[in-house]
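In what follows, a structure is listed as structure tokens, so that the remarks can point back to it.
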Amino acid sequence: MANKYAIANWKMNLGHKENIKLAKEFKNNFNRFSTKEVVVLPDFASLTEIIKIFKNSKIAVGAQDVYWSGYGAYTGEICAEKLREIGCKYVLMGHSERRVYLNESFEQINSKLKKVLSVGKLVPIACVGENHQERKAGKSKNIIVAQIKKVFKGIKLGVNQKLLIAYEPIWAISTFGPGLAIKPDDAEEAHKIIREAVNKIFGEKVSEKQIRIIYGGSVNSKNANSFANIENVDGALVGGASLKAKEFYKLSKIILDK
Ligand code: PGA
């Protein structure tokens with residue numbers, strides 16, 4: 001498993017043609033990268049086209065969400081089997097925008113994770129993170145640990161299964177705040193708390209070998225340096241700054257130390 005990841009979450013920001021254009025720009029920028037540690041998450045409607053564009057490139061593609069059941073009568077949903085079939089390699093789950101706007105719960109994230117792991121060949125990216133009120137009340141640590149326990153309840157990782165955890169304090173995400181990232185010291189503390197919590201759940205060996213913890217929330221090419229060398233910060237999940245190919249390339253180089 002790679003040690004660092006740079007993940008572009010394009011959300012629902014762009015039209016199909018714009019997605020295609022941006023993907024082509026990404027491909028040109030990243031053609032000398034050697035491993036698939038750069039991941040792009042387009043919306044469902046553009047997934048198959050974008051997968052075609054990145055075929056034989058160094059960029060992997062993932063989905064922004066998944067359903068917790070297999071094929072069936074679940075209008076509007078997409079299952080892990082389908083994502084795997086079309087060539088997705090990663091799948092995000094429990095992003096804070098879904099938790100805030102759609103009331104997605106940690107129990108649902110847990111069900112999605114179980115399903116994705118049982119289908120196999122897809123690397124889950126599970127999101128956690130406290131909100132502004134919880135942070136202000138000094139409850140961040142307890143909240144993060146409680147979220148981790150819910151998300152990973154009853155989860156076992158197979159020998160070769162990889163897992164990414166995205167720590168995204170909700171107040172630091174550009175959608176919900178002024179676009180100011182967490183302070184590096186606070187990121188270090190939060191990631192240590194998460195690492196200790198997953199060590200307890202999965203054991204230290206599995207945690208070290210199969211789990212990476214990435215930070216998300218207003219990362220850009222100007223502040224990437226302050227997160228690049230923090231222990232347990234294994235990369236970045238990037239929203240706004242991933243919508244410009246050059247900017248994302250710049251910050252990825254810093255994060256991935258290329
Ligand atoms: P942001 O988004 O980089 O625009 O803050 C991050 C995310 O929501 O994943």
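The numbers here are math on the coordinates, done by the rules we state, and not lab data. Keep in mind that this is a model prediction, so the values were computed, not measured. Every residue, glycine as well, gets a Cβ built from its backbone with ideal geometry; the counts of neighbours run over all protein chains shown.
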Just to check I understand the Karplus step: with θ = phi - 60° and J = 6.51 cos²θ - 1.76 cosθ + 1.60, what whole-Hz values come out for segment 14-26, glycine and proline as x? 10, x, 4, 5, 5, 4, 4, 4, 5, 4, 5, 5, 4
Choose one answer from ALA166, ALA224, ALA63: the residue with the largest mean-square fluctuation in a GNM of the chain with alpha-carbon springs under 10 Å. ALA224
Size of charge dipole - the chain - debye, nearest 20, with Cβ of Lys, Arg +1 and Asp, Glu -1, no other charges: 600 debye
If CYS88, CYS127, CYS79 are placed from fewest to most neighbouring beta carbons inside 10 Å, the sequence is CYS79, CYS88, CYS127
Rounded to whole Å, give me the distance from the Cα center of segment 130-155 to that of segment 191-238. 16 Å
Identify, among ILE213, TYR67, ASN3, the residue whose Cα sits farthest towards the positive end of the charge dipole of the chain, taking +1 on the Cβ of Lys and Arg and -1 on the Cβ of Asp and Glu, with the dipole about the Cα centre. ASN3
So for GLU37, GLU189, GLU231, fewest C-beta neighbours within 10 Å to most, what's the order? GLU231, GLU189, GLU37
In whole Hz, with x marking every Gly and Pro, tabulate ³J(HN,Hα) for segment 81-97 from phi via Karplus 6.51 cos²θ - 1.76 cosθ + 1.60, θ = phi - 60°. 4, 5, 4, 5, 4, 7, x, 5, 10, 10, 8, 7, 8, x, 4, 4, 5
Average the reciprocal distances over every distinct pair of alpha-carbons in the chain, invert the result, and give the Kirkwood radius in Å. 18.1 Å
Descending packing, highest mean Cβ count within 10 Å first, for 19-26, 38-45, 203-210, 71-78 is 38-45, 19-26, 203-210, 71-78
Mind listing the long-range amide H neighbours of VAL123? Cut-off is under 5 Å, sequence gap 5 or more, other chains count too, H placed in the peptide plane at 1.01 Å from N. TYR90, VAL91
Among MET93, MET12, MET1, what is the fewest-to-most ranking by other Cβ atoms within 10 Å? MET12, MET1, MET93
